[in-house]
1. Only residues in the range 150-173 that are within 15 Å of residue 265 (Cβ to Cβ) count as the first member; pair them with residues that are surrounded by fewer than 14 Cβ atoms within 10 Å (Cβ to Cβ) and aromatic (Phe, Trp, Tyr), Cβ under 7 angstrom, at least 6 apart or cross-chain, and list the lot.
2. Determine which member of the set 202, 166, 182, 198 is of a type in the set (Phe, Trp, Tyr) and over 33 Å from the mean Cα position of the chain (by Cα).
3. Can you find even one residue in the range 296-303 that is at pLDDT below 85, closer than 20 Å to residue 46 by Cα and open to solvent by 60 Å² or more (accessible area, probe 1.4 Å)?
4. State whether one or more residues within the range 184-194 are of a type in the set (Lys, Arg) and modelled with pLDDT under 85.
5. When you look at residue 262, is it more than 16 Å from residue 124 (Cα to Cα), open to solvent by less than 50 Å² (accessible area, probe 1.4 Å), touching a residue at least 40 places away in the same chain (Cβ under 8 Å) and not in a helix (DSSP H, G or I), yes or no?
6. From (1) touching an Asp or Glu at 6+ places or on another chain (Cβ under 6 Å); (2) within 29 Å of residue 131 (Cα to Cα), pick out the condition that doesn't hold for residue 237.
7. So, in the range 200-219, of the ones that are farther than 30 Å from residue 280 by Cα and not hydrophobic (A, V, I, L, M, F, W, C), which residue ends up least open to solvent (accessible area, probe 1.4 Å)?
8. Out of 160, 150, report the one residue that is at pLDDT below 85 and over 27 Å from residue 213 (Cα atoms).
Amino acid sequence: MSSETDGTADDAGPLARWARNAIHNPRRVYRALFYVAMAFFMVTTVFPFYWLLVLAVTPQGNLLSGSFLPTVDLFGVSGTFPLPVPKGFNPTAFVTVFEQVPFHLYVLNSFVLAATTTVIVLVVASLAGYVFGRIEFPGRALLMLGILAISYFPPAAFVIPLFQAFAGNAPITIPFIGVPLFTPPRLLNTPGSMVMPFSALFLPLSIFILTTFYGQIPDGLEDAARVEGTTRLGALFRVIVPLSAPGVATAGVLTFISVYNEYFFSSIMATSPEASKWSPIVGGILSYQTQYTTQYNLMAAASVVGVIPVVVLVIIAQERIVSGLTAGALKE
C-alpha cells in the first residue's frame, strides 16, 4: 500500500507536488511570499527614483532622441535591456539647478511650511487628543467619527471653495441662506493659503494617534499632578505629553513628511510670480518649465535633490515611527 501511495505521489503533477510540500512545510511558502512581496515593493518604490536619476544625468539634447532601453548582444542573441540607462552622462545638472534658480530657497521654504504646519497640528491635536482620550462627554464617539471622516474627503473637493475664500473677492455667506458674514482677506499666493489647508487635512490622523496614546496614561499620574496644584492644561504638557513622546514624535514626523511632499495645494495656491519668495519645492521644480521650453533633466535633478532630505529624515526616524505606531496599537 505504501509503495502504491509513493508511486501515486511521484506521478502527480508539479502543482500537486508544490501544494503537498506547502502543506508539510508552510514556512518555506511564507518565506517565498515575503520575498515576492519585498521584490514588488522594491521595484515600485525604487524604480521611480532610479528613473529620475536616469533623466537627471542625461543631457537635455539626448532626452528625446530614441529609447532609453538599449539593445545588447549576449552569446550571439540580440535583445532589449529591461532597464533604462542614461543616454550620455551629465552630472553638472545637479549644480545647474542651483545656478539657474535659487533652488535652496525653495527647499528652505518647504521646511518652514512643514515645520509651521507640524507645530500647529501637534498643538491642536494634543488638546483634542486629551479631550477625546481622557474626558467622558456625550457624543464623543460620534464627534470622533466625524473628525476621522474628514480625512476621507479628497483634497480636490476643497479647492474651489478655498480658492474663492483665499482670493478675497467675495464675502463669505451662510449656506442655503446667502446672508453675507464677512469678506476674508486675500491670502492667495501667501503662506497662509497653504498652512491652513495642510493643517486641516493632516489634523485628523494626528488626533487619532494622540487620542490612542493619551488614553493609555494612568489616571493616577494626572491626579498626582493635579494635587500638586497644576491645571488640566499643565498636566497635559508636563505629564501626558512627555509620557506619550513616541506618539507625539510619530504624529509630528508623519505630518512633516506629508506637508513637505505635498503637491496638490502647493501647485494651486502659489500661481503668481509674487509667490516666488515663499513658494515650496514644487514651485522650484516647475520654474524649469517655461512657455516654450521644458528642461526635463533639471526638473529630474531638482526632484532628486528635494527627495534627499526626506529620505534622510525617514532613515533617522523610521524606528521612532514604527515604535510609535505599534505602541499605540495596544491598550494595556
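1. none
2. Going through 202, 166, 182, 198 in turn, the sole match is 182.
3. no
4. Among the residues of the range 184-194, at least one is of a type in the set (Lys, Arg) and modelled with pLDDT under 85, which makes the answer yes.
5. yes
6. Here residue 237 clears every test but (1).
7. 214
8. That would be 160, the only listed residue that is at pLDDT below 85 and over 27 Å from residue 213 (Cα atoms).
The values are calculated or read from the model by the stated rules, or taken from the named source; none is laboratory data. All figures in this text were calculated on a predicted structure; none of them were measured in a lab. We place every Cβ from the backbone using ideal geometry, glycine too, and count neighbours over all the protein chains shown. Keep in mind that these areas ignore ligands, DNA and RNA; they rest on the heavy atoms of the full protein, side chains included. Shrake-Rupley method; radii C 1.70, N 1.55, O 1.52, S 1.80 Å.
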